[in-house]
Structures are given as structure tokens and as C-alpha cells.
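For reference, the structure discussed in these notes is given below.
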């Protein structure tokens, strides 16, 4: 891994429970989303041979899987989860029995071209240095016609709550868990170069949710 990856590995070297608590804090004050809105969005894309990128402790994925099985009981899926943090992967292995979990760098994965039917990148785009490499890799291992769902942290707007969001973002960047936020325009303009068609996008507070298909 690169030096940047090593810095981030140290930044994510928390016990799984502390990681989840920190994630909920960031979700509330930086993204200004609810957990339920994210679960509904990403659970919809759990189908076929599925790749879950930056799976972390597995807590969020576990909730999404339960939601998908309740709301879409006839939609079968098999899950492969990847993350480069060994500390967090330990938590995922305890929660996600039956899933295939692997230590992988999203910028250089070991999977063959066109391996997965679907992929999710939840709360990860804005944390990754060299995001171009990661996106090209995710699209490479996704089958033609396969769907990729993602969300991206946006620059906060104005107002008191967004002043708090800015402070949380600054903290995230200072400890290496946030690469940077993005603007809505630059995200939407960048996706076609990876070979993705934008099927749907919506912005909730400081986060954009995007459904795409590999062309």
C-alpha cells in the first residue's frame, strides 16, 4: 500500500464499537442524514453476486442485509465485502457469517474483470485518496449492465448546523478519515469518464446519493 494507505490504516485502527460510534457522530453532524435513509438506499442494490466496498466493521452492511431480506425476500444475493483495515475486518467477520470477506485495496483489487452483478460504495468515496484509481477498479470488476450505488459527502452550505458540519469535516481531514468533500457538480460530471451512466441522483442535506449502471 502507499504511504497514504498506511496513514489511513492507523486512522481506522479503532475497536469496532468505537468506529461505529464515531461513524454515527459523523453521519449526524457532517452528512446530516439518518441511518434509515442510507439503509433503504443501499439495501435496494443487494442482489446477485454483490461487492460491498469499504465494508468496515460490517455493522452497516448487516443492517442493510436484514432490511433487504425483509423488504425483498425473493431477491437472492451473495455478498463479498472488502476493506483494507485489518482492525475493522475483524468486526465484520464476527457479524457477517457466510459472507466472503477479504483485505483489499480498492485501488488495486485482485478480482477478475466483470466479476460482480452489483456493487455498493457507502460513505467511502470522499474518504479515498486517488479516487480515480478506486473508481476505475470498482467499475472494472463490475459486470456490464451492473449497478453501482454510492453516496458522496458534499461541501456544507450555510447556517449554524453547517458550521458544525464544517468543523466535523475539518476534524475528519485532520485525523485522516476524510480525504475531502465534493461539490454535486463535480461528482456528476466525473462519473461518465469511469464508464457509468447516472440513473438517479438526489441530495439530502450534505450528501448526494447516486444510482449508476456500467455501460
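Annotation: of all residues in the range 180-193 being touching a strand residue (DSSP E or B) at 6+ places or on another chain (Cβ under 9 Å) and assigned to a helix (DSSP H, G or I), the one that is nearest to residue 138 (Cα to Cα) is 191. Has the range 117-129 got any residue that is surrounded by fewer than 20 Cβ atoms within 10 Å (Cβ to Cβ) and at pLDDT 95 or above? Checked against the condition, which is being surrounded by fewer than 20 Cβ atoms within 10 Å (Cβ to Cβ) and at pLDDT 95 or above, the range 117-129 yields at least one hit. Residues in the range 125-154 that are out of contact with any strand residue (DSSP E or B) (no Cβ under 7 Å at 6 or more places or on another chain) and farther than 15 Å from residue 191 by Cα: 127, 128, 129. Restricting attention to the range 194-211, does a residue exist that is assigned to a helix (DSSP H, G or I) and at pLDDT 90 or above? Yes: one or more hits.
Within the range 17-27, does at least one residue satisfy the condition of being modelled with pLDDT of 90 or more, part of a helix (DSSP H, G or I) and surrounded by 16 or more Cβ atoms within 10 Å (Cβ to Cβ)?
Going residue by residue through the range 17-27, those that are modelled with pLDDT of 90 or more are none.
Checking the range 17-27: not a single residue is modelled with pLDDT of 90 or more, part of a helix (DSSP H, G or I) and surrounded by 16 or more Cβ atoms within 10 Å (Cβ to Cβ).
Residue count for the range 125-148 satisfying the condition of being within 25 Å of residue 43 (Cβ to Cβ), touching a helix residue (DSSP H, G or I) at 6+ places or on another chain (Cβ under 6 Å) and not in a helix (DSSP H, G or I): 1.
State whether one or more residues within the range 38-55 are modelled with pLDDT under 95 and either more than 17 Å from the chain's Cα centre (by Cα) or over 12 Å from residue 120 (Cα atoms) (or both). Among the residues of the range 38-55, not one is modelled with pLDDT under 95 and either more than 17 Å from the chain's Cα centre (by Cα) or over 12 Å from residue 120 (Cα atoms) (or both), which makes the answer no.
Of the residues 88, 96, only one is on the phi < 0 side of the Ramachandran plot, buried (at least 19 other Cβ atoms within 10 Å of the Cβ) and without any contact (Cβ under 8 Å) to a residue 60 or more places away in the chain; which?
On the way: 88 fails: without any contact (Cβ under 8 Å) to a residue 60 or more places away in the chain.
Among 88, 96, only 96 is on the phi < 0 side of the Ramachandran plot, buried (at least 19 other Cβ atoms within 10 Å of the Cβ) and without any contact (Cβ under 8 Å) to a residue 60 or more places away in the chain.
Whenever a residue of the range 110-125 is farther than 13 Å from residue 137 by Cβ, its partners that are assigned to a loop (DSSP other than H, G, I, E, B), lying with C-beta atoms within less than 8 angstrom and at least six residues away or across chains, give the pairs 117/47; 118/45; 118/46; 118/47; 120/45; 120/46; 122/54; 123/54.
From the list 144, 166, 203, which one is without any contact (Cβ under 8 Å) to a residue 12 or more places away in the chain and either surrounded by fewer than 16 Cβ atoms within 10 Å (Cβ to Cβ) or within 23 Å of residue 26 (Cα to Cα) (or both)? After applying the criteria, what remains is 166.
The single condition among (1) under 23 Å from residue 39 (Cα atoms); (2) crowded, with 16+ Cβ neighbours inside 10 Å that residue 104 does not satisfy is (1).
The values are calculated or read from the model by the stated rules, or taken from the named source; none is laboratory data. Bear in mind the structure is a predicted one, so any value in this text is a computation, not a measurement. We place every Cβ from the backbone using ideal geometry, glycine too, and count neighbours over all the protein chains shown.
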